[in-house]
Amino acid sequence: RRHALALLLTALAAISGYGLMVYLTLDSNADHALRTHLGRTRVYLEEAARHARSHLDTTDAVSPEEAFPDFRHAILTAENEHDVALALAGAVQHQQTGVLLTQLDLQMDAYLRDVDALLAQGIALSPEHPEVRELLLQELNELTEMVDRVIAAHDAERERLTRELLLWELVPVVLILVILVLEYLFIFRPMAQTITEDRAALEALNRELER
């Protein structure tokens, strides 16, 4: 029974260690994808800012129909990347990152509504319209700063979770070591003592027989 129990516990420790490694691998892949989509979100927001700035800094008035296609495409692409990151945040269980991504989602939706309203008004993009600059650049900078906050929160949570998972990785190792010590104390040492005693008894019996 002791042998069977020891083997069972060793097998359970090995299985739990393997399961933990599989979990760490899957979590690492999802986390890497999350970080990638957050980075892409920021890249496309910066691209949108470049498109807006290139028209707002010129002295020539540019109609929204001429300026908005590239700008809005970059914004919508950033929103798509953000949506993927929002879904991945739930998969990797980053609570703070998920909260900030939800706030960013609301902020980005509001910004797109403002852009659509500006497009509907047909205001020319030029230095004579400072409200356009405030909307397109200032609010866009606020979105970019929010993405930076999300990335910082993600990196902090990832570092914390990595430390916790490294501690959990030690559990199967410690369990196996404890099992080995218990096997020595309750199985192998008594077995060795029994063999020693039986050998001593046989030697004593042989000496009596020789007499």
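Please work out how much length the chain gains when fully extended from N80 to L202, using 0.36 nm per residue of separation minus the C-alpha to C-alpha distance, in nm with one decimal.
35.7 nm
Just order 42-53, 192-203, 162-173 by mean Cβ neighbour count inside 10 Å, highest at the front, would you?
Answer by packing, highest mean first, reads 42-53, 162-173, 192-203.
What accessible area per residue comes out for the stretch 135-211, rounded to a whole number of Å², with a 1.4 Å probe?
Roughly 72 Å² per residue, with all protein chains present.
The values are calculated or read from the model by the stated rules, or taken from the named source; none is laboratory data. Treat the numbers as computed from the prediction; the structure is a model and nothing was measured. So basically every Cβ, Gly included, is an ideal-geometry build from the backbone, and we count neighbours across all protein chains shown. Remember, those area values only see protein heavy atoms, side chains included, never the ligands or the DNA or RNA. Shrake-Rupley method; radii C 1.70, N 1.55, O 1.52, S 1.80 Å.
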